[in-house]
Structure formats: structure tokens, C-alpha cells
């Protein structure tokens with residue numbers, strides 16, 4: 001069967017469920033008595049256990065970063081362009097770990113899961129999380145997998161916040177920290193877009209105050225709207241212009257309100273929104289966008305990011321993209337400045353791209369070369 | 001009573017309703033047998049009838065551009081900073097006309113009005129409009145007011161599109177055309193934001209497929225969401241950061257989903273959205289955003305804006321604002337380039353501002369000086 005996968009693919013990816021029975025103390029003061037994490041791994045852990053790489057997903061990501069779930073799979077994992085034999089994160093050298101984070105909706109314990117203490121679905125009663133809770137749960141997973149120190153913790157967007165928090169919480173356990181299209185904290189504009197998305201979800205009558213699953217419904221429209229807002233802001237202005245321009249679906253103006261969707265960009269957005277609403281959980285969306293809003297790397301360090309980074313021991317690679325206006329290069333440069341002020345080892349590149357925030361997920365020759373070069377250096381330390 | 005108004009105010013503004021009984025042939029092929037326009041005027045038409053200025057409003061604007069409706073009015077008209085005795089559009093010299101456009105919801109014939117042919121509210125059955133239909137109805141109003149030629153037609157955003165269309169449709173009737181924070185046509189990103197706003201309205205259960213008025217309800221939530229999307233995109237990133245930053249309403253993180261609104265920027269946005277939903281009509285919102293999407297100055301001129309502008313005889317002033325990303329300076333520069341290619345008389349200024357698209361409505365010393373200087377030149381030709 002694996003013969004039918006591309007030669008530079010990790011091939012068949014098999015998600016594994018890890019049960020954890022030691023209670024997890026959360027930053028909100030509540031605890032999870034037990035929980036499950038769905039994990040995929042690619043490559044082999046070496047004898048020295050020194051070649052493990054943690055991939056941290058963003059808002060809508062999950063454990064399936066690379067490879068295929070079957071030979072019939074139309075699409076590989078979400079970061080397949082960058083993970084595989086011969087790819088920048090080369091699975092011939094690295095043991096790559098990716099999990100669906102706590103609170104997610106792709107199999108790990110979250111609002112969709114059953115709370116074993118009540119026998120009921122968690123739903124809106126799932127405890128609010130902070131990025132540090134993810135780090136703690138990932139550290140437990142590392143223990144389970146026999147990984148004392150990550151060769152690298154890598155993430156884009158919210159995943160980059162996750163990676164930075166790792167470097168502060170467990171300085172001895174992170175050798176390299178790769179922070180892509182991320183920020184020390186969200187701006188007011190970002191919070192505003194997140195809150196519009198949340199209102200769209202909360203005001204969908206099928207949200208049922210978060211109890212939609214109990215009512216056998218899904219707030220599809222709210223989720224779709226949330227995704228549409230996100231999607232427009234993840235794409236660059238230039239990319240949308242190139243991809244859609246003002247092209248009409250029918251080739252001519254219908255001129256009326258009867259045919260509401262006429263421009264190609266409109267139908268594309270509706271498609272993306274509706275597709276997302278099929279698979280994503282509304283409570284997870286609220287939960288994780290709140291994690292994004294709350295994240296503030298330096299809050300517990302006197303609002304001084306340099307003071308925060310002085311805790312870290314990792315070497316850093318920071319990457320931004322020119323057309324990303326949701327996590328603009330300026331945000332990455334704030335990270336770099338704080339790292340420099342903290343006298344940490346940091347490399348930085350702002351990659352020329354028209355792809356907006358989504359650039360961190362997409363093929364780009366210079367970005368690939370950068371990651372490949374950096375990861376080769378990481379491999380030398382394994 | 002006028003004694004209590006500021007000395008540089010036009011004072012008490014009295015809206016007048018003009019009835020038109022000559023049918024209006026619309027660009028969609030349908031006709032309005034009769035219609036009404038609500039109009040405010042400030043200043044006096046001179047004996048030569050050469051000092052009239054038309055102010056064209058944008059998406060959410062109306063006829064009340066300046067002055068107060070009563071001494072108890074908390075706020076003056078929407079462009080009061082720029083219209084009045086001694087202000088850039090000086091009512092000691094100019095006769096200023098502003099109307100609520102056709103399809104609007106502030107008294108002119110539109111979805112909220114009764115269709116005299118059926119005795120029923122127009123609602124969603126109001127015919128779709130194009131900017132040229134506004135120009136035609138405004139030309140009829142000019143005839144009614146005895147204005148053969150406007151000293152200037154002035155508008156920002158959609159109002160700028162309206163002003164440009166005037167210069168093409170009635171070249172002999174426009175002496176100066178002032179186009180502020182506008183574009184030859186919307187970009188895909190702009191259309192995308194508009195469509196998200198429309199979906200928010202259409203998917204509100206209280207929209208009732210456009211028949212909300214018949215059901216005695218208002219799609220408040222959809223309208224509020226639409227306005228919130230608009231509002232975030234009209235403000236600049238920098239302005240939101242300055243005004244709200246990441247400040248919390250309560251001063252501390254609630255850390256939960258129970259208190260959904262914690263950041264000040266969130267409560268501000270909800271307030272703006274809910275306030276808008278109190279007064280604006282959902283069908284008008286759909287109608288006018290479609291006018292914005294459809295507008296394409298050069299479509300009937302072989303997609304060549306220079307060819308379009310060769311029709312015009314007016315002199316042009318084009319203005320943009322550095323932080324406006326919804327109608328970016330580049331869009332204004334496209335207008336200027338086409339005017340130059342058409343060998344028209346054009347002045348252009350890109351004003352330094354942190355206020356985003358809303359800058360065209362707000363006080364700004366350089367912008368005021370620019371408009372004042374230009375309008376003084378216009379006054380010399382009256």
C-alpha cells in the first residue's frame with residue numbers, strides 16, 4: 001500500500017490515542033482528572049532520543065500534519081509540504097510529533113469529548129485554556145514518548161505562541177524554537193476580528209447557548225461566517241486580487257438581490273466557510289480564539305518580553321511574511337528585538353510572499369530553503 | 001433658537017421632501033413611477049446659480065451632512081467638520097445640497113418606503129440600483145432646484161464613485177469633482193468583506209428572507225455583525241491599537257467563556273454594531289453594498305478608465321489617506337493615473353493619517369487646509 005504514496009511523503013499516517021490518567025492542573029484553577037491526546041509521529045526516534053521535533057498547530061489545525069490516512073485520501077496533512085523524507089523537516093533525520101491539542105475537536109479531549117466524571121459531553125463546560133496548558137499537556141506527552149529534550153519545537157501563528165511558551169516553561173527541554181508568522185500578543189484589530197467571529201457563532205440560533213450537540217444541531221452558519229472572516233484576513237489583498245479579481249461566476253452581472261452570489265470570490269468564501277462548518281466544533285472555536293486573545297508572552301514578566309526570553313535557553317528562528325497583515329512582520333520583529341535584548345541566539349527572515357498569513361502553510365522556495373538550512377543545523381546537534 | 005448653535009455651524013438644518021412624479025428609468029430595466037428624496041441645503045443659491053455644491057454620501061450616510069435638527073441634538077450632521085460658515089466648504093459662498101439617496105433608509109424612497117403601485121412596503125422588492133441611477137435622480141433634483149451646473153460634486157468612498165459617475169454622465173453639469181478615499185472599482189478583498197456582511201444579515205433568522213418588516217422584527221444581530229465587520233475595516237490597525245490596545249474592561253482576565261466580552265475593543269465594536277442596527281435598514285444595506293460591488297467606472301468604456309475620463313470636463317481633486325487599507329492610496333493613484341492619461345486637470349494629495357478609511361470624515365489639519373484651498377479656487381469660478 002505505501003508504494004502508492006509519493007516518494008517524498010511520510011506515507012500512511014496512523015493517529016494514536018494516548019490516555020493520561022494523572023490529573024492536569026489547568027491555569028484557570030480547574031483540573032482535568034484524565035484526558036486523551038491524538039498524536040501522529042513520522043520518522044524514528046534515534047537511540048540518543050535527541051532527534052524529536054514537536055509541531056504545534058494553529059487555530060484550525062490538528063494532529064494530521066503530514067502523510068495520508070489512506071491511499072484514497074485526496075489530500076495529505078496540513079504541513080505535508082514541509083515534513084517528509086527529503087523535505088525541510090526531514091523525517092530521515094527527525095522524529096516528528098504532532099498532536100491535536102487539548103480543547104481541540106479532532107479526537108483529543110475537548111468540548112466534543114465525554115467528561116468521564118459526568119458521563120456527558122463537555123460542550124461549553126470544558127474549562128477555558130491558556131497556551132501554557134497546552135505546553136504542560138505536551139510535556140506529559142514528551143515524557144510518555146521518552147523525549148527529554150526536543151531538538152526543535154516549531155509552530156506558526158498560534159503554534160508559534162505555543163513554541164515560545166515551551167521555551168519559557170521548560171528551558172532545558174527545547175534546543176531550538178522556530179516561531180513562524182506569530183506575535184508576542186495579539187493586537188486590538190486581531191482581537192476585534194476574533195470577537196466578530198465569536199459573535200457570529202454565539203448568535204447562530206443553532207448554537208443553543210453552546211448546547212448544540214445536545215439538541216442534535218450544529219451552528220453551521222455561525223461557524224461558516226467565523227471562518228469567512230478568518231479566511232479573508234489570512235489571505236493577502238494582492239492574492240485575492242490575483243486569484244479572483246472581480247470575476248463573475250456567470251460572466252455577467254445579475255444586477256439583482258435575487259442571485260446573491262455573483263463574484264467568484266464570494267462563492268469561494270462561502271465554500272470555505274461551509275466546508276469548515278462541516279468538521280469544526282463551535283465550542284472549540286470559541287475556546288481557542290480566546291486562547292489567542294489572552295496570550296501575552298510577557299504578562300507574568302513585568303510586561304517585558306526581554307525579561308521573559310531571558311528564561312529561555314533555546315536558539316530561535318523567527319520567520320515572517322511580507323504580505324501577512326494579521327501577524328505582520330512588525331510583530332515578528334518585536335519578538336526578534338526582545339530576543340536580542342535578552343542576548344539570545346536568534347535568526348530572522350522576512351520572506352517575500354503574496355500569500356498573506358496563510359503563507360506559513362504554503363509552498364515557497366525561499367521559505368523552504370530557509371527551513372531546510374536551519375533544520376540541517378538542528379540535525380547536526382542531534 | 002439658532003443663537004444656541006456654534007457660530008461656525010449652519011445651525012438648524014431642515015430636511016425637505018421632494019416628490020418626483022416623472023418616472024425614473026433604472027439601469028436594471030425597471031422603472032420607478034414616482035419617488036421622494038429627502039434633502040438638506042445649507043447656504044444660499046446665488047443669482048447666477050453658479051455656487052451649488054452637491055455632497056454625495058457613502059454607505060451609511062444620509063441627507064443630514066451638517067448642522068443640527070434641534071437645539072437638543074447631541075451631534076451635528078455627519079460632515080459638520082467640513083461644512084459651515086468659515087469651514088472648508090464655506091456656506092457663506094456655497095449653496096450646499098445633500099440628499100438621502102434612492103434606496104436609502106432615512107426618508108427617501110427605498111426598501112422602507114411604501115410602493116404606491118401596491119400599497120405595500122417595498123422591502124426586498126425594491127429594484128436593484130447602480131450608482132448611475134443615483135446620478136440620474138440627483139440630476140432631476142438639480143433641475144428642481146434650478147441648478148444647471150454644480151460648482152462641485154464632492155464625495156468620499158461610495159460618494160466618490162457617485163461624484164466620478166456624475167462627471168462622466170453629465171460632463172457639462174460638473175465644474176469640479178472631488179473624489180475622496182474612493183476607487184475605480186472595489187477589489188476582491190472589499191467584495192469579500194461586503195459579502196460576509198450580507199451573509200450575516202441574510203442568515204439572521206429575523207431577516208425572514210427580506211420580509212422582516214412584515215413580521216414586525218428587525219435582523220438586529222445580522223446588521224450589528226455587518227457593521228462590526230465594516231467598522232474594523234474602516235479603522236486602521238494603528239488607530240485601534242492606540243484607542244484600545246489590549247485593555248480589559250474589568251482590568252483582569254476572566255479566563256472563561258462565561259464572560260464573553262472582556263477587551264475594550266470588543267465592547268466598543270458591539271456597541272457600534274448594536275447602535276447601527278437600531279436605525280439602519282437591512283434591505284438597504286444589501287442594496288447599497290451591491291452598488292459598491294458592481295461599481296466599475298470603466299466597464300462601459302472598454303475597461304479603460306482613461307477612455308472613461310476623456311468624457312469628463314470637470315477639474316478633479318483626488319484625496320487619499322495613508323492608513324486607509326479598505327480604499328488604499330493605490331486606488332486613488334489609479335484614478336489619478338487615468339485622469340492624467342486622459343489629459344484631465346487633476347490635483348492629488350495623500351494625507352498622512354492614522355484614522356484608516358474613516359479619516360475622510362474626521363478632523364485633520366492638512367486635509368482641512370487642502371479642501372479649503374481647493375474650495376477657495378472653486379469659489380473663484382462661481
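Identify all residues within segment B:162-188 that are within 14 Å of chain A (Cβ to nearest Cβ), surrounded by 24 or more Cβ atoms within 10 Å (Cβ to Cβ) and not in a loop (DSSP other than H, G, I, E, B); write none if there are none.
Hit for segment B:162-188 is B:188, nothing else.
Just one residue in the set A:303, A:324 is within 14 Å of another protein chain (Cβ to nearest Cβ), assigned to a loop (DSSP other than H, G, I, E, B) and either under 20 Å from the mean Cα position of the chain (by Cα) or crowded, with 17+ Cβ neighbours inside 10 Å (or both); that residue is A:324. For segment B:215-246, the candidate set comprises residues that are touching a residue at least 40 places away in the same chain (Cβ under 8 Å) and at the interface with chain A (Cβ under 7 Å from one of its Cβ atoms); within that set, the residue that is surrounded by the fewest Cβ atoms within 10 Å (Cβ to Cβ) is B:237. Are any of the residues in segment B:139-159 more than 19 Å from the chain's Cα centre (by Cα) and free of Cβ contacts under 8 Å to residues at least 40 places away in the same chain? Yes: one or more hits.
Can you say whether residue B:11 is in contact with a helix residue (DSSP H, G or I) (Cβ under 9 Å, 6 or more places away or on another chain), at positive phi and in the same structural domain as residue B:175 (by TED's automatic domain parsing), as far as the supplied structure shows?
yes
For segment B:159-176, filtering for residues that are in contact with a strand residue (DSSP E or B) (Cβ under 8 Å, 6 or more places away or on another chain) and within 24 Å of residue B:328 (Cα to Cα) leaves 9.
Per the listing B:191, B:154, the residue uniquely assigned to a strand (DSSP E or B) and surrounded by 23 or more Cβ atoms within 10 Å (Cβ to Cβ) is B:154. When segment B:259-300 is filtered for residues that are at the interface with another protein chain (Cβ under 10 Å from one of its Cβ atoms) and closer than 30 Å to residue B:334 by Cβ, the ones remaining, listed by number, are B:286, B:287, B:290, B:293, B:294, B:296, B:299. Scanning segment B:354-382 for residues that are assigned to a loop (DSSP other than H, G, I, E, B) and either in contact (Cβ under 8 Å) with a residue 60 or more places away in the chain or assigned by TED's automatic domain parsing to the domain that holds residue B:231 (or both) turns up B:354, B:355, B:362, B:363, B:381, B:382. Under the condition of being touching a residue at least 24 places away in the same chain (Cβ under 8 Å) and within 21 Å of residue B:274 (Cα to Cα), which residue from segment B:205-214 is nearest to the other protein chains (Cβ to nearest Cβ)? The extreme case among them is B:210. Would you check if there is a residue in segment B:193-200 being free of Cβ contacts under 8 Å to residues at least 60 places away in the same chain and within 23 Å of residue B:379 (Cα to Cα)? For segment B:193-200, residues free of Cβ contacts under 8 Å to residues at least 60 places away in the same chain and within 23 Å of residue B:379 (Cα to Cα): absent. Test residue A:287 against the stated conditions and say whether it is in a helix (DSSP H, G or I) and under 25 Å from residue A:169 (Cβ atoms). Here the answer is yes, as residue A:287 does meet what is asked.
What single numbered condition from (1) surrounded by 14 or more Cβ atoms within 10 Å (Cβ to Cβ); (2) at pLDDT below 95 fails to hold for residue A:50? Tallying (1) surrounded by 14 or more Cβ atoms within 10 Å (Cβ to Cβ); (2) at pLDDT below 95, residue A:50 fails exactly one: (2).
Only one of these is within 8 Å of chain B (Cβ to nearest Cβ) and at pLDDT below 95: A:255, A:249. Name it. Working first, answer last.
Details: A:249 fails: within 8 Å of chain B (Cβ to nearest Cβ).
Among A:255, A:249, only A:255 is within 8 Å of chain B (Cβ to nearest Cβ) and at pLDDT below 95.
With surrounded by fewer than 24 Cβ atoms within 10 Å (Cβ to Cβ), in contact with a helix residue (DSSP H, G or I) (Cβ under 6 Å, 6 or more places away or on another chain) and within 30 Å of residue A:212 (Cβ to Cβ) as the only criterion, which of A:121, A:112, A:132 stands out? Don't jump to the end; show me each part of the working.
On the way: A:121 fails: in contact with a helix residue (DSSP H, G or I) (Cβ under 6 Å, 6 or more places away or on another chain); A:112 fails: in contact with a helix residue (DSSP H, G or I) (Cβ under 6 Å, 6 or more places away or on another chain).
Answer to the selection: A:132.
Which of the residues belonging to segment B:70-94 are part of a strand (DSSP E or B) and surrounded by fewer than 23 Cβ atoms within 10 Å (Cβ to Cβ)? Outline the logic, then answer.
Within segment B:70-94, the subset part of a strand (DSSP E or B) is B:83-84, B:89-90.
Result: B:90, single match.
The values are calculated or read from the model by the stated rules, or taken from the named source; none is laboratory data. Predicted model, so just to flag it, every value in this text is computed and none were measured. Here the Cβ is made from the backbone with ideal geometry for all residues, glycine too, and neighbour counts use every protein chain on show.
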